[in-house]
Amino acid sequence: MSDYDFGITLEEFSDGLSPLAHLDSNTYLGSKGQASSMRADVISDPNFIQQSPALADLTNGDQDGEVDELIRFILDKPTASDTTFGIGTTKLFKLSSTAATSGGAPSWPQTVTDMTEGESVIRLKANLYGFFNTAAGGDILKMPLATEVIDPDWGSTTDAALEDSLHPVAAKEDIMVFGNGRYVGVYVEGSATLDVQKLDFGEGAEVADIVYNANVWYIAVNYGEGRRGQIYLYDGSAVSNVLSDEAGLGSQKIGFLYVHNGIVYVAYQDNSSGAFAIGWMSGRQLKPLRYFVGTLPDHRQKTLYKNTVIFVSDEDIFSCGAPVEQLPIQISTLADAGYATVGGLAAPFGTPMVASTDGGSNYRLAKFSGLSTDSNWKSVFLDVTDGRKLGKVTCVIVTTKTLGASARVDLSLEGNQGAEESSSFSITGTGLTREVLKSIDLPAVEDVRVVLDFENGHASNACPVRKIELLGNFVNR
């Protein structure tokens with residue numbers, strides 16, 4: 001006969017956050033692999049929970065180097081094998097996979113005349129275009145990639161000053177389509193004509209983002225204080241003044257659009273739930289996938305990592321998607337984004353890089369590197385009652401990968417919706433693959449959850465957890 005009345009196994013951690021984690025951090029709903037709250041990596045190796053990626057500043061990547069202002073947007077597609085560009089509040093930055101370029105001819109970073117707020121950067125054929133706001137409106141810079149000499153008022157000289165607004169931009173071959181407040185502008189490379197008001201969405205409108213997919217431009221527009229969101233479809237040739245189709249979101253504010261594998265993803269504010277959501281376009285319908293809390297990311301704060309869409313929310317970087325096609329869609333809090341105010345997020349060289357500032361004199365441009373000890377994971381609460389009887393956990397078995405030197409995670413249990421807490425146990429030891437924990441001092445409870453804390457972990461030797469088994473007995477109330 002078994003010494004235990006019940007056994008609960010926690011595994012399949014690639015399921016990410018519970019469906020109700022955005023509403024209740026003490027939720028019961030979810031699989032035994034889902035979290036009620038977390039900041040951990042469940043996509044790099046979907047068999048395991050492991051520490052989040054840490055951030056390492058690029059060379060010259062802070063205020064003591066060349067990054068002395070917030071880089072607001074990072075071009076997600078390199079212009080050469082190890083070159084991309086970012087735009088800040090007053091400067092254009094040249095970036096490699098390891099450094100913010102310093103010096104050279106012309107000398108980097110380059111100050112852009114009249115720029116007060118960079119919004120986006122795009123490559124079109126042999127030129128780079130940068131969209132930004134000024135004290136009096138907005139403008140577009142043009143820079144031939146061969147000479148790297150900036151023409152800071154190319155936009156207003158060629159046509160007219162832009163609005164002071166968001167300026168998302170997307171390109172297809174030799175056409176770029178960009179947001180300009182209530183308008184959408186169009187430019188064809190080599191043409192003498194720049195039209196900054198090709199489409200007009202009316203008073204109170206603001207274009208939030210633009211992407212190109214399957215010979216159609218998708219244009220996300222927000223309207224006024226009611227924050228009604230609309231996604232318009234526009235012919236790929238961008239010559240007409242007539243829209244092809246539209247999909248209404250109701251009273252929702254759109255953050256960004258992102259195309260991956262032929263699917264258009266949408267981040268938006270869901271007023272009905274009091275949280276934010278990421279969904280996908282299916283014809284004229286927007287179908288929600290997963291929900292999250294924090295802040296609504298915009299056109300500057302999205303990229304692809306390990307086959308999932310990652311994006312900024314508050315001070316965190318979230319992941320949504322399936323790292324392997326056969327796995328279910330997940331959403332998870334993947335990593336810390338750096339300082340409290342986050343700018344651009346991109347992965348032009350495969351590894352995400354993110355810009356941030358503390359709002360004072362500190363700035364950074366950092367990329368994923370190593371392991372963060374600021375990582376944690378909490379399971380959903382699990383019922384351990386049997387009629388009138390409560391559950392007493394007496395043994396916990398933790399299965400890991402073979403641990404390296406100083407790899408460690410600390411485990412504790414919480415019960416009765418967090419009112420009771422056990423002592424902490426350290427899972428550590430070179431060569432360890434399985435730890436059996438006894439003398440659990442959590443009293444008999446109605447429910448229990450597992451808490452993993454990597455605060456005492458190692459910066460390079462991970463402690464990946466594959467399975468956690470809870471064994472216990474029922475106790476009369």
Considering residues that are crowded, with 23+ Cβ neighbours inside 10 Å, within 29 Å of the chain's Cα centre (by Cα) and assigned to a strand (DSSP E or B), the number found within the range 369-397 is 2
Please specify each residue of the range 63-83 satisfying the condition of being in contact with a Ser or Thr (Cβ under 8 Å, 6 or more places away or on another chain) and part of a strand (DSSP E or B). Phe73, Ile74, Thr83
Of the residues that make up the range 319-333, is at least one under 25 Å from Thr79 (Cβ atoms) and without any contact (Cβ under 8 Å) to a residue 60 or more places away in the chain? no
Inspect all residues belonging to the range 413-423 and state whether any of them is crowded, with 19+ Cβ neighbours inside 10 Å and more than 30 Å from the chain's Cα centre (by Cα). yes
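Quick grid of which residues meet (1) buried (at least 22 other Cβ atoms within 10 Å of the Cβ); (2) more than 18 Å from Val186 (Cα to Cα); (3) among the aliphatic types (A, V, I, L, M):
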| position | (1), (2), (3) |
| --- | --- |
| Gly118 | yes, yes, no |
| Phe132 | yes, no, no |
| Ala135 | no, yes, yes |
| Ile140 | yes, no, yes |
| Asp159 | no, no, no |
| Asp164 | no, no, no |
Among Ser44, Ser2, which is the only one that is under 19 Å from the mean Cα position of the chain (by Cα) and among the polar types (S, T, N, Q)? Ser44
Tally time: how many residues in the range 9-30 are farther than 19 Å from Asn416 by Cα and free of Cβ contacts under 8 Å to residues at least 24 places away in the same chain? 1
Give me a count of the residues in the range 218-259 that are assigned to a loop (DSSP other than H, G, I, E, B) and either small (Gly, Ala, Ser) or in contact with a Gly (Cβ under 7 Å, 6 or more places away or on another chain) (or both). 9
Does Asp358 meet the test of being under 14 Å from the mean Cα position of the chain (by Cα), within 26 Å of Val121 (Cβ to Cβ), at pLDDT 95 or above and surrounded by fewer than 19 Cβ atoms within 10 Å (Cβ to Cβ)? no
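Quick grid of which residues meet (1) of a type outside the set (Asp, Glu); (2) outside the structural domain of Asp336 (by TED's automatic domain parsing); (3) assigned to a strand (DSSP E or B):
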{"position": "Thr399", "(1), (2), (3)": "yes, yes, yes"}
{"position": "Thr402", "(1), (2), (3)": "yes, yes, no"}
{"position": "Glu414", "(1), (2), (3)": "no, yes, yes"}
{"position": "Gly418", "(1), (2), (3)": "yes, yes, no"}
{"position": "Ser423", "(1), (2), (3)": "yes, yes, no"}
{"position": "Asp441", "(1), (2), (3)": "no, yes, no"}
{"position": "Val451", "(1), (2), (3)": "yes, yes, yes"}
{"position": "Asn461", "(1), (2), (3)": "yes, yes, no"}
Residue among Glu148, Glu117 that is in the same structural domain as Ala170 (by TED's automatic domain parsing) and either under 19 Å from Val342 (Cβ atoms) or hydroxyl-bearing (Ser, Thr, Tyr) (or both): Glu117
Filter the range 77-116 for residues that are buried (at least 16 other Cβ atoms within 10 Å of the Cβ), closer than 25 Å to Lys172 by Cα and charged (D, E, K, R) and give the result. Lys94
Of all residues in the range 29-67 being in the same structural domain as Pro109 (by TED's automatic domain parsing) and charged (D, E, K, R), which is surrounded by the most Cβ atoms within 10 Å (Cβ to Cβ)? Glu66
If we keep only residues of the range 286-308 that are within 18 Å of Ser251 (Cβ to Cβ) and either among the charged types (D, E, K, R) or under 11 Å from the mean Cα position of the chain (by Cα) (or both), then the residue surrounded by the fewest Cβ atoms within 10 Å (Cβ to Cβ) is Lys287
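The values are calculated or read from the model by the stated rules, or taken from the named source; none is laboratory data. Keep in mind that this is a model prediction, so the values were computed, not measured. We place every Cβ from the backbone using ideal geometry, glycine too, and count neighbours over all the protein chains shown.
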